[in-house]
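Asks: Below is one structure. I have some questions about it.
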Amino acid sequence: MAENSEQIRAGLSEALHQGDAGGAERIARQALEEGVDPLSLIQNVIVPALTEVGQLFQDFKIFLPELMSAGEAAKRATTPIEEAISAMGGQVASLGTVVIGTVANDVHDIGKNIVGTLLTAHGFRVVDLGRGVSPSAFLEAAEKEAADIVGMSSLMTTTRPAQRSTIRLFEEVDKRHRYKIVVGGGSVSQQWADEIGADGYAPDAASAAELCKELVGEK
């Protein structure tokens, strides 16, 4: 049983690395049928695999299509795992709620989608607002969802000021202190994050997950 379990875990990890969404879901379901602990699959297979894929992308050893495929495979694999946990009368332990979105007038969301997938795998509840999110939409979602963290992505230099505008809106309505606000994206740097008063900056998806864990007190 233990040996078969390890083979299944290795197979799932390989499917994630290969971006094989169908295979990842099939192996995840097989693992659950074999009695593998669903939380263990998330913590010991999916999170490490996605972290490794993110590092390969950062090191230019794989390209954007492979990164996207791995993210989709992880989503497909996570679905039956979460269903299994719910059926057991439990739920995936949540570290907190993160509201994420790409800022107003920016249509790029691939990186943001990968961040959302990785945050979910790490145990966060993620509310993805999509692309072109206005400052008021970030604020409304943060309040509605009782967010712990608000994450804003900006890929284009021309849309980067929307991150500043969003933070200013939170300040104007005296609600800035309620939320940790983090920024990222191709046009963003630590210097910019400091300039606009963000609580954190992450250069990639893996760093974003670690940053959010630190902000909610999970090391």
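The values are calculated or read from the model by the stated rules, or taken from the named source; none is laboratory data. Just so it is clear, the structure is predicted and the values come from calculations on it, not from any experiment. With ideal geometry, Cβ positions are generated from the backbone for all residues, glycine too; neighbour counts draw on all protein chains shown.
Asks: Kindly check whether there is at least one residue in segment 33-45 that is without any contact (Cβ under 8 Å) to a residue 40 or more places away in the chain, touching a helix residue (DSSP H, G or I) at 6+ places or on another chain (Cβ under 6 Å) and within 21 Å of ASP204 (Cα to Cα).
Replies: Yes, segment 33-45 has at least one match.
Asks: Here is a check on your reading of the model: is GLY19 surrounded by 15 or more Cβ atoms within 10 Å (Cβ to Cβ) and closer than 19 Å to ALA206 by Cα?
Replies: yes
Asks: Here is a further query. Could you grab me the full set of residues in segment 128-174 that are of a type in the set (Phe, Trp, Tyr) and either within 20 Å of the chain's Cα centre (by Cα) or more than 27 Å from GLY217 (Cβ to Cβ) (or both)?
Replies: PHE138
Asks: Among residues belonging to segment 140-181 that are in contact with a helix residue (DSSP H, G or I) (Cβ under 6 Å, 6 or more places away or on another chain) and closer than 20 Å to GLN58 by Cβ, point out the one that is surrounded by the fewest Cβ atoms within 10 Å (Cβ to Cβ).
Replies: By that ranking, first place goes to SER154.
Asks: Has segment 154-172 got at least one residue that is assigned to a strand (DSSP E or B) and either touching a residue at least 24 places away in the same chain (Cβ under 8 Å) or under 25 Å from SER94 (Cα atoms) (or both)?
Replies: Checked segment 154-172: no residue is assigned to a strand (DSSP E or B) and either touching a residue at least 24 places away in the same chain (Cβ under 8 Å) or under 25 Å from SER94 (Cα atoms) (or both).
Asks: Which members of segment 101-112 meet the condition of being of a type outside the set (D, E, K, R) and either in the same structural domain as LEU50 (by TED's automatic domain parsing) or outside any strand (DSSP E or B) (or both)?
Replies: ALA104, ASN105, VAL107, HIS108, ILE110, GLY111
Asks: Does at least one position in segment 197-210 carry a residue that is farther than 23 Å from SER94 by Cα and touching a His at 6+ places or on another chain (Cβ under 9 Å)?
Replies: no
Asks: With respect to the numbered conditions (1) in contact with a His (Cβ under 7 Å, 6 or more places away or on another chain); (2) in a helix (DSSP H, G or I), which one is the sole condition not fulfilled by LYS75?
Replies: Condition not satisfied by LYS75: (1).
Asks: Being assigned by TED's automatic domain parsing to the domain that holds HIS17 and at pLDDT below 85: is that true of LEU64 here?
Replies: Here the answer is yes, as LEU64 does meet what is asked.
Asks: Only one of these is at pLDDT below 95 and not in a helix (DSSP H, G or I): VAL126, VAL182, VAL150, VAL115. Name it.
Replies: VAL126
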